[in-house]
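Have a look at the structure below, then the notes.
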Ligand code: PMP
């Protein structure tokens, strides 16, 4: 699904067939989860293929690598250029792009050595589909920011998220909602969350959650649409009593939530402010953004 014999990816300084990367089983990323990745999305717009907010994604990746003491020499403009070239080489228009910084071979527990950049792209439908989602509160809590920096996508920090999504699916739900250690609503395994009450949007504050680029975009869109937004703690009771709710993320985009633990949210989704946000986001990503490089 992610690659075939012809797929090209970028690895350790060059474009090569994905099947030929020969990624090392001795890498600290594979052994201990010390790795940083990102997820970007490209869209076909009227004026060509455009990656949505590439600088924000690559800047987050670089900041996260720095926090993990991983050497990462590419600057954001170089990364953007590689991403566009990857799309062109694979003839992709609407696609998901996955850069990953893979740690050096090291069986010890000190970070260091030369990490290698891998970047791949593939066609991927919306991560949680297009239907309204039936969700559940997960028994697995969001990882503590005191254990792992939460400012970016760190490979090892995804284990609780995988546990949460797998548990949700096994119990017949579409997706999980993870709480923080204090029992307040944090986020979904691969998306941020907003609830709606009395036409106002509320989302958990930064600190415990992934500072989602889609989350920031949704806050800006809400302001432009004159929808009030608050960043504050959300209790489980508030979530269950919400008029509507959405997950947000690059791969998820803006996905509506139908129910939580079997409780239907109060409003028909199409009557909610959340639905206006979903429409505005869809319009925005398909509009033209100026890339630093126009290859396609
Ligand atoms: N939280 C987690 C754990 C994620 O992996 C993601 C991205 N898939 C998000 C939130 C949403 O972040 P963004 O909007 O930057 O894609």
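We did not get these values from a lab; they are worked out from the coordinates using the rules stated. Given the structure is predicted, the values throughout are model-derived calculations rather than measurements. Cβ placement follows ideal geometry from the backbone for every residue including glycine, while neighbour counts extend to all protein chains displayed.
Taking the condition buried (at least 23 other Cβ atoms within 10 Å of the Cβ), within 16 Å of the ligand (Cβ to nearest atom) and not in a loop (DSSP other than H, G, I, E, B), does residue 219 pass? Show your work before the answer.
Working: buried (at least 23 other Cβ atoms within 10 Å of the Cβ): no; within 16 Å of the ligand (Cβ to nearest atom): yes; not in a loop (DSSP other than H, G, I, E, B): yes.
For residue 219, the condition - buried (at least 23 other Cβ atoms within 10 Å of the Cβ), within 16 Å of the ligand (Cβ to nearest atom) and not in a loop (DSSP other than H, G, I, E, B) - is not met.
Name every residue in region 184-215 that is outside any loop (DSSP other than H, G, I, E, B) and more than 8 Å from the ligand (Cβ to nearest atom), in order of residue number.
Of region 184-215, the ones outside any loop (DSSP other than H, G, I, E, B) are 185-188, 191-197, 200-203, 213-215.
Within region 184-215, 185, 186, 193, 194, 195, 196, 197, 200, 201, 202, 203 qualify.
Only one of (1) part of a strand (DSSP E or B); (2) within 15 Å of the ligand (Cβ to nearest atom) fails for residue 44. Which number is that?
Of the numbered conditions (1) part of a strand (DSSP E or B); (2) within 15 Å of the ligand (Cβ to nearest atom), the odd one out for residue 44 is (2).
Under 6 Å by Cβ, and 6 or more places apart or on different chains, what pairs join a residue from region 204-222 that is within 24 Å of residue 181 (Cα to Cα) with one that is in a helix (DSSP H, G or I) and within 11 Å of the ligand (Cβ to nearest atom)?
Final answer for the pair search is 213/56.
I need a count of the residues in region 132-162 that are touching a residue at least 24 places away in the same chain (Cβ under 8 Å) and more than 12 Å from the ligand (Cβ to nearest atom).
14
Scanning for something part of a loop (DSSP other than H, G, I, E, B), more than 18 Å from residue 158 (Cβ to Cβ) and free of Cβ contacts under 8 Å to residues at least 24 places away in the same chain, does region 90-99 turn up at least one residue? If you could, list the steps in order and put the result at the bottom.
Going residue by residue through region 90-99, those that are part of a loop (DSSP other than H, G, I, E, B) are 90-94.
This time we only want the ones that are more than 18 Å from residue 158 (Cβ to Cβ), so: 90-94.
Now narrow it down to the ones that are free of Cβ contacts under 8 Å to residues at least 24 places away in the same chain: 91.
Taking every residue of region 90-99 in turn, at least one turns out to be part of a loop (DSSP other than H, G, I, E, B), more than 18 Å from residue 158 (Cβ to Cβ) and free of Cβ contacts under 8 Å to residues at least 24 places away in the same chain.
Let me confirm something: among 238, 279, which residue is more than 15 Å from the ligand (Cβ to nearest atom) and closer than 30 Å to residue 80 by Cα? Full working, then the answer.
Working: 238 fails: closer than 30 Å to residue 80 by Cα.
One residue alone meets the criteria, 279.
Determine whether residue 90 is under 19 Å from the mean Cα position of the chain (by Cα), surrounded by 14 or more Cβ atoms within 10 Å (Cβ to Cβ) and farther than 29 Å from residue 148 by Cβ. Please lay out each step first, then the result.
On the way: under 19 Å from the mean Cα position of the chain (by Cα): no; surrounded by 14 or more Cβ atoms within 10 Å (Cβ to Cβ): yes; farther than 29 Å from residue 148 by Cβ: yes.
No; evaluated as a whole, the condition is false for this residue.
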